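Visitor: First, the structure itself, so that you have it in front of you.
The values are calculated or read from the model by the stated rules, or taken from the named source; none is laboratory data. Everything numeric here is computed off the predicted structure, so don't read it as measured data. No Cβ is skipped: glycine too gets one built from the backbone with ideal geometry, and neighbour counts run over all protein chains shown.
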C-alpha cells in the first residue's frame with residue numbers, strides 16, 4: 001500500500017470507541033491496549049476511529065482529538081505500541 005508493506009489484505013476499519021476524556025485526550029492505557037492488541041499480527045493495517053482535528057470540528061463527548069499537545073502525546077503512545085508489534089496505524 002504505497003510505501004507501506006503489509007503482510008495481508010485485511011485491515012481494521014474505523015470504529016467509534018468514545019474512549020477519551022472531556023478534553024478529547026485518548027485514555028492511556030485503555031486506548032493503547034485496544035489498538036496494540038489488534039496489531040498483534042505483524043503487518044496489520046489499523047485505521048483509527050474518527051478523530052477531531054480541532055475543537056470546532058467536535059460534536060460528541062469522549063471522542064479523541066489530535067489538535068492539542070496532550071492528545072498528540074497520547075496518540076504517540078498508541079502508535080508506539082502498534083509499531084512495536086510490526087503493524088501500521090493511520091489516524
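Visitor: Counting just the residues of segment 63-73 that are in contact with a strand residue (DSSP E or B) (Cβ under 9 Å, 6 or more places away or on another chain) and part of a loop (DSSP other than H, G, I, E, B), which one comes out nearest to residue 25 (Cα to Cα)?
Guide: 64
Visitor: Let me ask something additional. Looking only at segment 22-42, which residues are under 10 Å from the mean Cα position of the chain (by Cα) and part of a helix (DSSP H, G or I)? Full working, then the answer.
Guide: Pass one, segment 22-42, residues under 10 Å from the mean Cα position of the chain (by Cα): 26, 31-32, 34-36.
The answer is 31, 32, 34, 35, 36.
Visitor: Search segment 43-62 for residues being exposed (fewer than 13 other Cβ atoms within 10 Å of the Cβ), over 14 Å from the mean Cα position of the chain (by Cα) and in a loop (DSSP other than H, G, I, E, B), and hand back the single one that is modelled with the lowest pLDDT.
Guide: Result: 59.
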